[in-house]
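Chemist: Sharing a structure with you now.
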Amino acid sequence: VQVAESGGGLVQPGKSLRLSCTATTTRDRIGIMGWYRQVPGEGRELVATITTPGSTNYDPSLEGRFTISRINANNTIYLQMDSLKPEDTAVYYCYVMEFPSPNVHWGQGLQVTVSA
């Protein structure tokens, strides 16, 4: 499984940004996908995940501003981030779990910086 992310960058507070992630596989099936984020000196924390049928799970503090969605036909997920705050600044990693095996794959990470 290969994981390709796009959409990071610098954005002003209050603005929006959308991240994309596509999992490419020639053999394995894809299950849960999602996003985690990490700031220097801290562990990787959950942002949101989404299952193949579309069930979602969010960090409660982010739900309402962040929305995860998915297109199963091409194993692509999106993270729509609205009303961004400086504390949202982090490296965002795409998370891909195979199905039915528990193998997990990570993207290389996208830097998101929220600053005036």
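The values are calculated or read from the model by the stated rules, or taken from the named source; none is laboratory data. Since this is a predicted model, take the numbers as computed values, not measurements. Note that each Cβ is placed from the backbone with ideal geometry, even for glycine, and that neighbours are counted across all protein chains shown. Areas reflect the complete protein model, heavy atoms only, side chains present, ligands, DNA and RNA absent. Shrake-Rupley method; radii C 1.70, N 1.55, O 1.52, S 1.80 Å.
Chemist: Please give me the summed charge of the neighbours of Glu42: other residues whose Cβ is under 14 Å from its Cβ, Lys and Arg +1, Asp and Glu -1.
Modeler: Local charge sum for Glu42: -2.
Chemist: Using the alpha-carbon centroid of each, what span in Å lies between segment 50-84 and segment 12-27?
Modeler: 10 Å
Chemist: Quick one: pull the percentage of alpha-carbon pairs in segment 50-116 with a separation above 14 Å. List each step's numbers first, then the result.
Modeler: On the way: 1479 of 2211 pairs.
More than 14 Å apart: 67 percent of the Cα pairs in segment 50-116.
Chemist: Please tell me the relative contact order of the chain in percent, rounded to the nearest whole number, where contacts are Cα pairs under 8 Å and at least six residues apart. List each step's numbers first, then the result.
Modeler: On the way: 283 pairs, mean separation 41.9, N = 116.
Computed value for the chain: 36 percent relative contact order.
Chemist: Further question: Accessible surface of Cys94 in the full protein assembly, 1.4 angstrom probe, to the nearest 10 Å²?
Modeler: That residue has around 0 Å² of solvent-accessible surface.
Chemist: Restricting the count to DSSP beta bridges whose residues both fall in segment 1-88, what percent are antiparallel, rounded to a multiple of 5?
Modeler: On the way: 25 of 26 bridges.
If I count the DSSP bridges inside segment 1-88, around 95 percent turn out antiparallel.
Chemist: If I take all pairs of Cα atoms in the chain, what percentage of them are more than 17 Å from each other?
Modeler: On the way: 3408 of 6670 pairs.
Percent of Cα pairs beyond 17 Å in the chain: 51.
Chemist: Starting from the amide H of Gly31, placed 1.01 Å from N in the peptide plane, find each other amide H under 5 Å away whose residue is 5 or more places distant or on another chain.
Modeler: Placed amide hydrogens put Met97, Glu98, Phe99 under 5 Å from Gly31.
Chemist: Solvent-accessible area per residue for segment 77-116 at a 1.4 Å probe radius, Å²?
Modeler: Working: 1920 Å² over 40 residues.
Each residue of segment 77-116 exposes 48 Å² on average to a 1.4 Å probe.
Chemist: Another question, then. Quick one: with all protein chains in place, what share of the accessible area of segment 57-116 is carbon or sulfur, to the nearest percent (1.4 Å probe)?
Modeler: Working: 1550 of 3020 Å².
Ligands and nucleic acids excluded, carbon and sulfur reach 51 percent.
Chemist: Using 0.36 nm per residue of separation minus the Cα-Cα distance, give me the extension gain between Gln108 and Thr89 in nm, one decimal. Intermediate results must be reported in sequence, preceding the final value.
Modeler: Values: separation 19, 0.36 × 19 = 6.84 nm, distance 1.64 nm.
Full extension from Gln108 to Thr89 adds 5.2 nm.
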